[in-house]
Every structure is written in structure tokens, then in C-alpha cells.
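Reviewing the structure listed below.
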Amino acid sequence: FLITGTIAYALIGTNSYYFQFRKTGRSDAESREAARKLGQEVFPSGNVKDSLLNSARIKNTWALVALYFTTFGGFIALTAWFPIYWSQFHGFSPVKAGILTAVFSIAASICRVLGGSISDKAGGEKTCLFSMLLVLLASVILMFSYNAGTGIIAVVLLAIGMGVNNAAVFKLVPTYVPKAIGGAAGWIGGIGAFGGFVIPPVMGAIADIYNYTGYALGFSVFTLLAAISIIIIYVLLRNIRIQTNNSL
């Protein structure tokens, strides 16, 4: 599917207006002006190296990295963790554990698509805050619930929160790192995905320490990450209010 999609995009995909105008020989300034008139809002800022370095110097980049680490890294981590959780903690068969893991994965992926639309309407910050509150609630429930039905409901809530936030974070990139969008997106995507490799060993260590109950207590990792993320979002919202008041 990936190969087919790549080939299809190469055949029928088109560049943004800016690159189309540049290809015709127009100057950078002329291309930007013409593209803006056609509705383009995002433009390249130097080469890849410059964009990465410039974005790395902006603290907002790392705030968004932290948000994405929690939910996209968490999403990857939990696709590996849930088969263990369902089989070891609830005693489900490998097939049932796999089905429930697939439910989480598919639900989070669908919600990521919906998250983009929600972010456009409600704003990226509010969408991130809502989704992180869901992640916090779901992870607390999973920490203390020994009931499989309650656990399934919590997992669905977790999938919704993670999926929506994964989309909302990229809605914020042009707002908070407008001069190095590509570089910021690179840091966010790369380090965010790294969470998928860091989080499972931590959850596994908790399970080793507390044995059976550790499979539930492992979700304390997400309780902590979600709480930190909520603080980050609060700071971003506060800074926006300050900037708005200063501009009045």
C-alpha cells in the first residue's frame, strides 16, 4: 500500500503554488506574493539544515515535541504493550488480545483524521488540551481498574485522545514555529516517534517490580506524561493571552 501510494502521488501529485511559480522562473519574492494571492500560507525557510537548526533554537519546537512524544510515541508504544497487557493482566487469548490491540490502533488512526478537522474549528491549543485530558483520564482508569469492560472503554478513550492530539500538534506548528516549519515538523515527528521505543521498557520495568499489578500500574507513565503535557498547553495558552493583551 505504501509503495502504491507513493507511486500514485508521484504521478498525480502537484507541488504547492510557490514551487510551481519558482519552476516557471519567477523570483522568490514574486513566487511568494503570487502564491499568497492563491491562498498559500506556508512557505519554505532555507534548506533542510537551516530549517532544522533554526527550529531547534525555538523553545516552542520542544514544547510541541513533548506533546507529540506523549501521544504519537505513546501510540507506537501501546501497539506493542497492549497484547502483553490483555494477555497477562486480563488472561485473554492471543487472538482476543490482538483484536483489542487492533481496535486501539484503528480507532487512534481514524481519530487522527478527525482531529485535523476539529483543530481547524476549535483551535489547536484547545484541541490538544481536550485530548490530553482524555489521555490523563483513561490512563488513571487503566492504572486502577481490574475490570476488562472498564479497561476496554478506557482504551477507546485513550485512542481518541492520542489520535486527536497527533493531528492537533501539527496544527500548532505554523503558529509557534512560523519561520522554520519544516525543521520543527522534522524534530516533532522524529523525536515523537522515538517515544515508541523508550516508553515500553519503562512500563516493562514497572511490571517487573510490581508483578501482576504492574501491568496496570505501568500506565502511570502516561498519567505523568499527560499531566506534563497539560501544563505545557496551559503555558502556551497563557503566552497567547499575554501577547494578545500586549497588542491591544
**Message:** Filter the stretch 121-139 down to the residues that are surrounded by fewer than 17 Cβ atoms within 10 Å (Cβ to Cβ) and aliphatic (A, V, I, L, M) and list them by number.
**Reply:** ALA122, LEU133, LEU137
**Message:** Looking at the stretch 209-224, can you tell me whether even one residue there is under 22 Å from LEU133 (Cβ atoms), among the polar types (S, T, N, Q) and either touching a helix residue (DSSP H, G or I) at 6+ places or on another chain (Cβ under 9 Å) or open to solvent by 50 Å² or more (accessible area, probe 1.4 Å) (or both)?
**Reply:** yes
**Message:** Here is a check on your reading of the model: is ILE206 touching a helix residue (DSSP H, G or I) at 6+ places or on another chain (Cβ under 7 Å), free of Cβ contacts under 8 Å to residues at least 40 places away in the same chain and surrounded by 13 or more Cβ atoms within 10 Å (Cβ to Cβ)?
**Reply:** yes
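Looking at the stretch 137-160, can you tell me whether even one residue there is within 12 Å of the chain's Cα centre (by Cα) and of a type outside the set (Lys, Arg)?
Initial filter on the stretch 137-160 (within 12 Å of the chain's Cα centre (by Cα)): 159-160.
Okay, now just the ones that are also of a type outside the set (Lys, Arg), so 159-160.
Yes, some residue in the stretch 137-160 is within 12 Å of the chain's Cα centre (by Cα) and of a type outside the set (Lys, Arg).
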**Asked** Going by the conditions given, is ILE188 surrounded by 15 or more Cβ atoms within 10 Å (Cβ to Cβ), of a type in the set (A, V, I, L, M, F, W, C) and part of a helix (DSSP H, G or I)?
**Response** yes
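Given THR6, THR24, THR61, which one is under 30 Å from ALA159 (Cβ atoms) and modelled with pLDDT of 80 or more? Full working, then the answer.
On the way: THR6 fails: modelled with pLDDT of 80 or more; THR24 fails: under 30 Å from ALA159 (Cβ atoms).
The conditions single out THR61.
Within the stretch 1-117, which helices (runs of 4 or more DSSP H) (wholly inside it) include 3 or more residues that are aliphatic (A, V, I, L, M) and closer than 30 Å to TYR215 by Cβ?
Output list reads 59-68, 74-84.
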**Item:** Single condition ILE118 does not satisfy, out of (1) in contact with a Ser or Thr (Cβ under 9 Å, 6 or more places away or on another chain); (2) open to solvent by 40 Å² or more (accessible area, probe 1.4 Å); (3) under 29 Å from ALA216 (Cβ atoms)
**Value:** (3)
**Fill in**
(1) in contact (Cβ under 8 Å) with a residue 24 or more places away in the chain; (2) farther than 26 Å from SER131 by Cβ; (3) open to solvent by 50 Å² or more (accessible area, probe 1.4 Å) all hold for GLU33 apart from (1)
**Request:** Those residues that are at pLDDT 95 or above and open to solvent by 30 Å² or more (accessible area, probe 1.4 Å), I need them from the stretch 149-185; list them, please.
**Result:** GLY149, THR150, ILE152, ILE153, VAL156, LEU157, ILE160
**Message:** Contact list please: Cβ distance under 9 Å, first residue in the stretch 8-19 and surrounded by 10 or more Cβ atoms within 10 Å (Cβ to Cβ), second residue at pLDDT below 80 and among the β-branched types (Val, Ile, Thr), pairs at least six apart or on different chains.
**Reply:** SER16/VAL42; TYR18/VAL42
**Request:** Inspect all residues belonging to the stretch 229-242 and state whether any of them is within 20 Å of ALA80 (Cβ to Cβ) and in a helix (DSSP H, G or I).
**Result:** no
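The values are calculated or read from the model by the stated rules, or taken from the named source; none is laboratory data. Since this is a predicted model, take the numbers as computed values, not measurements. Virtual Cβ from ideal backbone geometry, glycine too; neighbours counted across all protein chains shown. These area figures cover heavy atoms from the full protein model, side chains too; ligands, DNA and RNA do not enter into them. Shrake-Rupley method; radii C 1.70, N 1.55, O 1.52, S 1.80 Å.
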